[in-house]
1. For Lys174, list the aspartates and glutamates whose Cα falls under 17 Å from its own Cα; do not include residues on the same chain fewer than 8 positions away.
2. A 25 angstrom limit on the alpha carbon distance is what I want to check against. Which of Lys143/Lys176; Lys94/Lys207; Lys55/Lys109; Lys122/Lys192; Lys101/Lys162; Lys120/Lys176 exceed it?
3. Tell me, what HN-Hα J-couplings in whole Hz come from the Karplus equation 6.51 cos²θ - 1.76 cosθ + 1.60 at θ = phi - 60° for each residue of segment 48-54, using x for Gly and Pro?
4. Hey, what's the per residue convex hull volume over the C-alpha atoms of the chain, in cubic angstrom?
5. For segment 162-168, just list the computed ³J(HN,Hα) in residue order, Karplus coefficients 6.51, -1.76 and 1.60, θ = phi - 60°, integers in Hz, with x standing in for Gly and Pro.
6. Evaluate the charge dipole of segment 81-169 about its Cα centre and quote only its size in Debye, nearest 20, assuming +1 on the Cβ of each Lys and Arg and -1 on the Cβ of each Asp and Glu.
7. For segment 22-38, just list the computed ³J(HN,Hα) in residue order, Karplus coefficients 6.51, -1.76 and 1.60, θ = phi - 60°, integers in Hz, with x standing in for Gly and Pro.
8. So, in Å, what gap is there between the alpha-carbon centers of segment 68-93 and segment 108-184?
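Coordinate-derived values only; no laboratory data. Keep in mind the model is a prediction, meaning the values are calculated, not measured. Glycine gets a Cβ as well: all are built from the backbone with ideal geometry, and neighbour counts include every protein chain shown.
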Amino acid sequence: MNELKLPKRIRNHVNPLAIYHKNKIELFNNKNSIIMDIGSYRGEFAQRMLEYYGKERNFVFFEIRKPFYKYLNELFEKNDNVRVYDGDAGKSLKDMIVDLKKNGNTIDKIFINFPDPWFKKKHFKRRFLNERLLEELSEILDKKSEIIFQTDQKVLFKDTIKLIKQNKKFKIKKFKNPILRIQTYWEELKIKEGNKIYRMSLKLKDKKKILLKFWK
Ligand SMILES: C[S@@+](CC[C@H](N)C(=O)[O-])C[C@H]1O[C@@H](n2cnc3c(N)ncnc32)[C@H](O)[C@@H]1O
């Protein structure tokens with residue numbers, strides 16, 4: 001991995017609600033399926049994914065903290081199947097997916113790995129996978145697309161399951177081991193600290209089944 005040139009002081013958390021700009025996706029010149037990673041940090045997981053898939057997939061990485069974003073941008077500048085964006089990924093995701101689909105790309109996986117937990121009730125609306133985003137994703141994703149959510153925060157995991165059940169559009173599959181055996185930086189750190197990791201994958205339910213449920 002490249003030597004990281006980071007400024008000495010980096011804010012621990014950035015309030016996504018204070019970010020207003022949206023990013024527009026720079027489209028790929030192929031129809032390969034897309035992998036997205038929200039909060040790529042210093043790109044450890046991103047690089048491992050890229051090593052695994054090579055040119056078979058296109059990648060879109062998001063990082064809200066500017067110094068990390070700049071670093072990622074440099075790290076992947078020579079990869080024409082990678083795009084890196086700053087700001088709050090939640091603001092741009094929907095329109096990006098719409099544009100990517102118009103371009104003929106399907107969404108394979110969206111990774112939400114170890115998102116900031118925002119523990120205080122008054123900060124819940126800052127959580128990445130919130131009611132609004134879940135609803136937006138339910139409207140634009142295909143049945144094959146998968147959202148992967150991983151965290152060491154039991155409370156966040158439970159709250160998120162509650163949210164998904166309320167939304168009713170996704171089926172939840174919990175799983176034990178990292179997908180493709182690829183770990184994230186945070187995951188390695190938390191496992192070393194002795195923490196348990198909670199993982200789930202979400203896929204859209206069959207539309208007919210949803211209708212039947214509403215009917216009952
Ligand atoms: C706890 S770290 C996890 C890093 C990495 N995913 C991992 O598992 O090693 C959370 C990361 O998400 C970034 N982040 C938080 N909210 C974000 C948002 N709304 N959009 C994009 N990145 C975000 C943070 O800056 C941080 O780098």
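1. Partners found: Glu146, Asp152, Asp159, Glu187.
2. Lys122/Lys192; Lys101/Lys162; Lys120/Lys176
3. So the Karplus estimates, Gly and Pro as x, are 5, 5, 5, 5, 5, 8, x Hz.
4. 138 Å³
5. Listing the rounded values in order: 4, 4, 5, 5, 5, 5, 6 Hz.
6. 480 debye
7. Per residue, the Karplus-derived 3J(HN,Hα) values read 10, 9, 9, 6, 8, 5, 8, 9, 8, 9, 5, 5, 10, 10, 10, 10, 9 Hz.
8. Value for the Cα centre distance between the two parts: 21 Å.
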